[in-house]
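Reading through the structure tokens given below for one structure.
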Amino acid sequence: MPLKHAKTKKWTYIIAVLFTLHTISTIGLMYNQSYLMYGIDLGIVVLFAILIYKMLIVKDSYAINLEQEILNHKETFAELEASRVKLQNIFDSIDVAIWSHNLKTNKLLITSGIEKLYGYPLQAFYDDSELWKKVIHPDDDEIIINRGIAIQSGLITTSEYRIMKPNGEIRWIQDRGIPFLDANKKLVDFNSILIDITERKRAEITIEHMAYYDELTGLPNRNGFMQTIEKQIKEADVQSRNLALLYVDLDRFNVLNDTLGHSFGDLLLQKVAELLKVTVGYNGTVFRRSGDEFLILLNFKEVSEIKQKAEQIIQAFTKPFKLSGQEVFTTPSIGISTYPGNGSDSETLLKRADSALYQAKEKGRNNYQFFTEQRDGKMERRLTLEHGLRRALTNKEFFLVYQPLVHIGNNKILGVEALLRWNKEDEGMISPAEFIPIAEETGMILPIGEWVLREACLQGVHWHKNGFSDLLISVNISVRQLLEEAFIERVECILAETEFPPTSLELEITESTTMQNMEEALPILNSLRAKGIRISVDDFGTGYSSLTYLRQLPVDTLKIDKMFIDDILTDSKAGAIVKTIIDMGHNLDFSVIAEGIESREQIDFLVEQGCVFGQGYHLYKPLHADELQRQLHKNVVMN
């Protein structure tokens, strides 16, 4: 047994000494047979036996300790092996590979995770140490070149590049390279951790696409536009080029959307996006700003090129769009600004193209207009009112006045027309002629119109409870309200909420807009009329095809437009038109009301022609609710 322990050596020395003494005493006994020598010899034997016994015990203890030590080593080895297997399983499951290359010894170590990442067997990378580089996407070669330069300099470098697997699949790899240099700044060892980040990159691409592209049409959105125009402005400066911005808005899109439904509206926007892309072609880029608004960026040398492209766009819209078997027409209005002529930055160009667009709409829509400085002030005014309208309801800046509808023969009141007024917080009273068209264009007329109807019904209930139960309340309704999908239900809810009787409510619609949307409006008007609600046609005589469709409309009242009443005493043609409308209305069993009466002579003419109902400043100006109630006490309401 090897003499490894100090204790074992000590016992061995003792045994050797005792054995030597025993040998000497034995020799002594051979020459001198005395009891003393026998005693010494016997004692030595006993001691020797004891020592042998102790040695055996120590030997057994050592064997036990050695066995325990071997067992501990086995357990430690088993734990290390389990850890190695666990670590290997982790590497295999998380798409991670480790590449270690000692350049001095040319010893290469690669973990098996590389098989899952690259799709090649592990041995293939040992056979060809350049394989990892050969499968990199050609578009990412520059990334690898820059990475190699950084590694040679001793910089820890993280790179992201694409690889092509044997099955053609493209994956994204994140490669973190850790170099080691010697004292001479020479690369001697290199380690790399490779991770598959394909899913993360896909998520990043999706998020970026959502941020810069419109989900519905696939066109770049407002963010994409701002990014592109800033870049093109810089390029235009360097290359001395001109840039044009076309702001395209679809005419009457909101009416189509409300009438046909939002799904049809979405289909129409997709078709428009395709049409604009085809029409613009390679000469520019099309963006969707929001809703039915599109932006187009064009490079040009001569202004005639912009005009030609704008005319091509307008011409392209002359053909109908086919949506689920149904033909739909819409037209574009286009506002144009140019760089550098109309502005030096994107915000100014956008603002001025919007101003030109507003001018195009004012000129009848379906046309294009270039920005002019004279229009800038009007656009500023429009934007101011538009922003104010969005806050007016919340700030309680709206209120109603009521203009009586009168029997002009005896000046008795039969009803009132609710008229909207706006007392703007920082400006005062704004004319309805100025803000109502903006409310209709922006869609704000929908919440505003609902507020007007509810307020008028609540006031009507108050008057009914105060003894004027026959009073008729008339409320103007825009075509956007009328064609809104849930308009009938909204009217029913307001009547139920306020407990105002439907037979005391009259809804006024304008002739021109109703005739333009006859097919959509007719079933809605019939449904309202069936519920007992009266229907009045406002501004009658100003529209087209009125006589053709008038018999189909469920109408109770015709209101002759003020422009005819103004001239009945001086223009024989105006007088003849008024007389014709009165006769026609009576023949169709309609009530006829003359609007805008401003003199006694006009009243005499109307009475002579058989018109007994009227409205105007000569009779009553619009009154606040409390003022009107005082007049109601003076003039008994008629049925």
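The values are calculated or read from the model by the stated rules, or taken from the named source; none is laboratory data. Predicted model, so just to flag it, every value in this text is computed and none were measured. Reconstructed Cβ throughout: ideal geometry from the backbone, glycine too, with neighbour counts over all protein chains shown. Heads up: the accessible areas ignore ligands, DNA and RNA and are worked out on the full protein's heavy atoms, side chains in. Shrake-Rupley method; radii C 1.70, N 1.55, O 1.52, S 1.80 Å.
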>> I need the helices (runs of 4 or more DSSP H) fully contained in the range 169-268, keeping only those with at least 3 residues that are touching a residue at least 40 places away in the same chain (Cβ under 8 Å).
In response: 222-239, 253-260
> With 114, 57 as the choices, which residue is more than 30 Å from residue 181 (Cα to Cα) and either in a helix (DSSP H, G or I) or modelled with pLDDT under 75 (or both)?
Replying inline: 57
>> Checking residue 282 against (1) buried (at least 16 other Cβ atoms within 10 Å of the Cβ); (2) over 23 Å from the mean Cα position of the chain (by Cα); (3) farther than 17 Å from residue 337 by Cβ, only one condition comes out false. Which one?
In response: (1)
>> Go through (1) in contact with a Phe, Trp or Tyr (Cβ under 6 Å, 6 or more places away or on another chain); (2) under 21 Å from residue 232 (Cα atoms) for residue 356 and report which single condition fails.
In response: (2)
> Which residues, taken from the range 424-446, are assigned to a helix (DSSP H, G or I) and either basic (Lys, Arg) or surrounded by fewer than 14 Cβ atoms within 10 Å (Cβ to Cβ) (or both)?
Replying inline: 433, 434
> Can you tell me which residues in the range 318-365 are farther than 19 Å from residue 380 by Cα, surrounded by fewer than 18 Cβ atoms within 10 Å (Cβ to Cβ) and not charged (D, E, K, R)?
Replying inline: 318, 320, 324, 325, 326, 328, 329, 331, 340, 341, 364
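On the given criteria, is residue 585 buried (at least 18 other Cβ atoms within 10 Å of the Cβ), of a type outside the set (A, V, I, L, M), at pLDDT 90 or above and out of contact with any His (no Cβ under 7 Å at 6 or more places or on another chain)?
no
A quick yes/no check of all residues on (1) surrounded by 15 or more Cβ atoms within 10 Å (Cβ to Cβ); (2) touching an Asp or Glu at 6+ places or on another chain (Cβ under 7 Å):
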| site | (1), (2) |
| --- | --- |
| 112 | no, yes |
| 118 | yes, no |
| 128 | no, no |
| 131 | no, no |
| 138 | no, no |
| 150 | yes, no |
| 156 | no, no |
>> Among the residues of the range 285-296, what is the count of those that are surrounded by fewer than 21 Cβ atoms within 10 Å (Cβ to Cβ) and in contact with a Phe, Trp or Tyr (Cβ under 9 Å, 6 or more places away or on another chain)?
In response: 4
> Considering 233, 207, 197, which residue is modelled with pLDDT under 90, open to solvent by 50 Å² or more (accessible area, probe 1.4 Å) and of a type in the set (A, V, I, L, M)?
Replying inline: 207
> Do we have any residue at all in the range 276-294 that's among the acidic types (Asp, Glu) and in a helix (DSSP H, G or I)?
Replying inline: no
> For residue 294, are the conditions met, namely being at pLDDT below 90, in contact with a helix residue (DSSP H, G or I) (Cβ under 8 Å, 6 or more places away or on another chain) and of a type in the set (Phe, Trp, Tyr)?
Replying inline: no
> Among the listed residues 246, 250, 219, which satisfies the condition of being of a type outside the set (Asp, Glu), crowded, with 21+ Cβ neighbours inside 10 Å and more than 23 Å from residue 263 (Cα to Cα)?
Replying inline: 246
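Hey, among the residues in the range 71-104 that are among the acidic types (Asp, Glu) and within 24 Å of residue 130 (Cα to Cα), which one's modelled with the highest pLDDT?
Top of the filtered list is 95.
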>> Of all residues being closer than 14 Å to residue 417 by Cα and either in contact with a Cys (Cβ under 7 Å, 6 or more places away or on another chain) or outside any loop (DSSP other than H, G, I, E, B) (or both) in the range 588-626, which is most open to solvent (accessible area, probe 1.4 Å)? Just the residue, please.
In response: 613
